[in-house]
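Taking it in order: structure first as structure tokens, then the write-up.
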Amino acid sequence: MRKLGEDFENEVRRIARYKWPTAQFEGAQVIDGQERDGVFETEDAVYFLEATVSENSKKAREDCQKIFKLISAHNRTDSLKPASGWFVTKQEPTAEQRKQVAEFGKGQVRALSFAQFQQSLVDVRGYLAARKNHKFGSVRDFSGKSNKPEVSFVEIGISNAADDSVLLIRDIADKLLAGCHVALVGQYGAGKSMTLRELFFLLEGLYAKGSISKFPVYINLREHSGQRDPVELMERHARSIGFESPSSLVRAWRAGFVILLVDGFDEIASLGVQGSWKKLKDLRRNSLQGVRRLIGDSIGMGVIVSGRSHYFESDAELQNALGLSDGVVLSVDEFSELQVKEFLSKFPNSNNSQVFPDWLPTRPLLLGYLASRNLISHIAVEKSEMPDAVDGWDYLLGRIYKREEGIDTNLDGPTLRRILERASTLARNSSDGLGHITPKEMNSIFFEICGYEPDEQGLLAIQRLPGLGIYSAEDESRCFIDKELADVCKGHEFLRFLNDPYSSAQSVLWEGVMNSCERPLSQVSAQLVNRNFALRQSGISGVISQAISFMTDRENLACVRGDIASVLFHGNTDLEIKFEVEGVDFSGCSLIFNDEMPNLGLLSMSHSIFDELIFESSLDAKKMPIFDACLIGKIVGRLSRDDLPTDRFKINCEYSHFDGSATSGAIRDASISTGEKVLLVTLRKLFVQSISGRAESALFRGLDVNERRCVPDVLKLLKKYGLATDFSKGDGIIWLPARKSKFRAQKIISMPNECGEDIVVEARAITA
């Protein structure tokens, strides 16, 4: 109890020093042989404080008598400088305590709670009220019309890779209350902003009850690009939410009375492709200077800062750029099957008995979007028609826009979908590829597709275009609600270019983006293009050559060159003519070089960025592209620069690091059973090398005779334990990884002996 009282007195004195900054070096004093909790003298006044955790009325009387005695003594010696007294209680003063203060303080002593005393430093309740009415990061209801979610929060597991633990919201709150600094990372739509919002309301509730003395401050970094001074950042935050006293919020932060929740470290800067790995790291670090100083100056305060996975090259870079040298890095997991059902049960017309396809995304944002539009039932019933996310989103967009035609507009479904697909092109100029598409740009898209300016019906159509959500309510701009949805749209846009390059080039919007964006088509987009030609039973080689010929005399449209390269990287078509690509950012995807790859020996890549190149054991180096002056992050399957084919990798390429052990070949060389080797190699092929499945025949490649004999039994185990599913295609069987089991599969691959999975035990028993 005594320590509790001492701690409380320290907190009261800390507020007093910031309330009366000219007296910040003053505090407890011994007067007439007795210790007084606080004496603070400024140029204008003297303040006497007593602080107590007790609700005893006798204690209130005794303290007030002390304070009044001090005031009287001061007034006798210094009539020019007024004195006043403050009696501060941990909880709201009781009626009896207030009575004692009124009687013995004789109008010169104020009785107030700790919260009220703190309120004199900053209007906490005013701040919290203003903050609750402002948007929380990317949180929206699933209609896209409000900043408030329409369904209650469903707890998502938060993983700590350092100790393999899973934390809940309350666990993270406890860390913040203990003064820990935390980074929270996850993919788009995984629930980072929702998690921080839930933390905000949990901490706000604890503060309102008087359980904690610190209050949460939630900052959207998207609103603070370019700010390098933490005080300026904090003041701008206050103004952006409509809080009337920015300086008081700064004082409260300086006093250590806040818990910082900082959302979107990846939304504060954009990066180019020129330079070196060091330069890119420096750019990321410099863009976060204000955030880093804010965190660094938050001594003794809990801080959590969130952003996209893989924005930084490593956890070490993240900690350095954000100033989290002693911080904890946590990851937002995707929903489990049970969490998916719990989440969907909150929507009208839900049916928990439905069975969903494995490709169905398990991120809250996307699930909510589909459920709010009653599309989940279509997915469950017709799941056999969409084996993975590529085909799934293509199918869904067809269904969505078939339903949309004739609703409040005379535009047909295909035309509305064309507008969405052209919007995906404009979205490529944003850092995340999801867009900040203004109303003016949407009107321009409408004109290009329809040939006339949008009338009232047309404006309504583009405002409610399915697949887009609100980016900013202030300017009514739009963004895509899901990356894979956007990627499917981008794939269809590129198909139009391949089929008729000259018509695509007539679009001012299209040409402008292709001249400015640096990121090429993703694996999802490229796979859609390749599959489209496969379904037509017409070779893509001819149209690729046609597109390259179209680019021959054009120095612009660098991103188109990257798009062509991406289609080649993720397909099985040999390149038949020389092709050069320069200045394209391929970060965010892994490229696999093995005996299955097409012949890309005529492809030359220069001044481009690659996150990861993976070398399988069996490889004809002559089929590889030439890399010239490229920045390459991780090289997997090679030990050093000297281990690379010199005719394919020029001496002026730069590498972050090499990993010679993380390959299928290394797994096969390990001292484990044959069945276990085949399991790990197969998991790696499904979950590391491809997100969209592998032909069953490909799962036998690279294995010796005895290992091949184990493949059928291993595939049965994968199906039994829900890690993969098979479906029949015209030219054979395709095996698809269960996306919701991605982290589980990675754990098995990285630590088969410690993962605790029964599938590993059963695989060990498989013999040739």
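Of the residues H570, H134, the one with the fewest other Cβ atoms within 10 Å heads the list, and the complete ranking is H134, H570. Looking at the chain, the DSSP beta bridges with both ends there are about 30 percent antiparallel. Model label points for D282 and D455, set 7 angstrom from Cα along the Cα-to-Cβ axis, are 5.8 nm apart.
Considering every pair of different Cα atoms, what Kirkwood radius, in Å, is found for segment 665-764?
The answer is 13.4 Å.
Rounded to the nearest 0.05, the FRET efficiency derived from the C-beta distance between K81 and L202 at R0 = 30 Å is 0.10. Say R0 is 30 Å: what FRET efficiency, to the nearest 0.05, do F447 and L375 get from their beta-carbon distance? With R0 = 30 Å, the Cβ-Cβ based efficiency is 0.55. Here the Kirkwood formula puts the hydrodynamic radius of segment 2-119 at 14.1 Å, using every distinct Cα pair. What's the local net charge at D585, with K and R +1, D and E -1, over the other residues with C-beta under 9 Å away? That sum, taken over residues with Cβ under 9 Å, equals 0. Distance between the 7 Å Cα→Cβ label points at S336 and S165: 1.8 nm. Working from the Cα coordinates of segment 540-602, the gyration tensor eigenvalues give, after taking √(5λ), semi-axes of 19, 16, 9 Å in decreasing order. Only helical runs count toward this figure. For the chain, summing -39,500 (n - 2.57) over DSSP H runs of n ≥ 4 and dividing by all residues gives -13000 deg cm²/dmol at 222 nm. Taken along the Cα-to-beta-carbon direction at a fixed 7 Å, the label points for L509 and D704 span 5.9 nm.
All Cα-Cα separations within segment 414-551 were binned at 5 Å from zero, giving a P(r) of 2, 10, 19, 23, 20, 14, 7, 4, 1, 0, each value a whole percent of the pairs. One chain, two ends: H134 and K622. Fully extended at 0.36 nm per residue, the span grows by 170.0 nm beyond their Cα-Cα distance. In plain terms, the chain from E6 to F743 could stretch by 260.6 nm, reckoned as 0.36 nm per residue minus the Cα-Cα distance. Between R399 and Q546, full extension at 0.36 nm per residue minus the direct alpha carbon distance yields a gain of 49.7 nm.
Our compactness index for segment 187-227, the C-alpha radius of gyration over the empirical 2.2 N^0.38 Å, is 1.43.
DSSP beta bridges fully contained in segment 76-225 are about 40 percent antiparallel.
Given a Förster radius of 25 Å and the C-beta distance between Q108 and K209 as r, what FRET efficiency does 1/(1 + (r/R0)^6) yield to the nearest 0.05? Numbers along the way, then the final one.
Details: r = 31 Å, r/R0 = 1.25.
Efficiency at R0 = 25 Å is approximately 0.20.
For segment 124-332, the equivalent ellipsoid built from the Cα gyration tensor has semi-axes of 25, 20, 18 Å, listed from largest to smallest.
Quick one: which of K175/K719; K281/K483; K278/K650; K483/K623; K483/K716 span more than 29 angstrom between C-alpha atoms? In this structure, K175/K719; K483/K623; K483/K716 lie more than 29 Å apart at Cα.
Fewest neighbouring Cβ atoms within 10 Å first, the residues D647, D37 line up as D647, D37. Ordered by the number of other Cβ atoms lying within 10 Å of each residue's own Cβ, fewest first, L575, L495 fall into the sequence L495, L575.
Throughout, read-outs are computed from the coordinates displayed, never taken from laboratory work. Everything numeric in this text was worked out from a predicted model, so none of it was measured. With ideal geometry, Cβ positions are generated from the backbone for all residues, glycine too; neighbour counts draw on all protein chains shown.
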